[in-house]
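First comes the structure, then the notes that go with it.
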Amino acid sequence: QVQLVESGGGSVQAGESLRLSCAASGSFFDLHTMAWYRQAPGKQRELVAFMTRDGDTGYDDSVQGRFSISREIAKNTVSLQMNSLKPEDTGTYYCNTVYRARHYWGQGTQVTVSS
């Protein structure tokens, strides 16, 4: 079992920054990949960024160069630094990991970017 708890959402103006954090807890040995997804109203949930235990990262094209994902392996945390935010970045952001073939999700944190 893995529990994920996000923090750090909020309301900002376009061009500003936010930092999201997610802490994993529970009974697990190792989390290979942790990721951030987002879901805008009326749209499907989409992958924003991921980072493996080895440090490999991937980003959606829409956030490449503006967002940066990082992890503290020993603390089982993952963060998402979001710079130059745009109104289209608005949505609920979810922390995600897969452990023993099962997806785990946080409760989500709201990010609202106004123009």
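Data overview
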| quantity | calculated |
| --- | --- |
| Relative contact order of the chain, pairs being alpha-carbon contacts under 8 Å that are 6 or more residues apart, as % | 36 percent |
| Extension gain from S7 to E88, taking 0.36 nm per residue of separation minus the Cα-Cα distance | 27.1 nm |
| Modelled label reach - R100, point 7 Å along Cα→Cβ, region 17-35 residues with backbone N closer than 16 Å | 25-32 |
| Label-to-label distance, nm, for residues given as T112 and D61 (7 Å Cα→Cβ offset) | 3.1 nm |
| Heavy-atom accessible area per residue - the chain, 1.4 Å, Å² | 54 Å² |
| Of all DSSP beta bridges in the chain, antiparallel share, percent nearest 5 | 90 percent |
| Estimated Rh, the chain: Kirkwood, alpha-carbon pairs, angstrom | 14.1 Å |
| Residue-wise HN-Hα coupling along region 96-102, computed from phi with Karplus coefficients 6.51, -1.76, 1.60 (Hz; x: Gly, Pro) | 9, 8, 10, 9, 6, 6, 10 |
| Carbon + sulfur, % of accessible area of region 1-82 - ligands and nucleic acids excluded, 1.4 Å | 46 percent |
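The values are calculated or read from the model by the stated rules, or taken from the named source; none is laboratory data. Only a predicted model underlies this, so the values are computations on that prediction, with no experimental measurement involved. A quick note on method: Cβ atoms are made from the backbone with ideal geometry, for glycine too, and the neighbour counts reach across all protein chains shown. Ligands, DNA and RNA are excluded from the accessible area calculation, which covers all protein heavy atoms including side chains. Shrake-Rupley method; radii C 1.70, N 1.55, O 1.52, S 1.80 Å.
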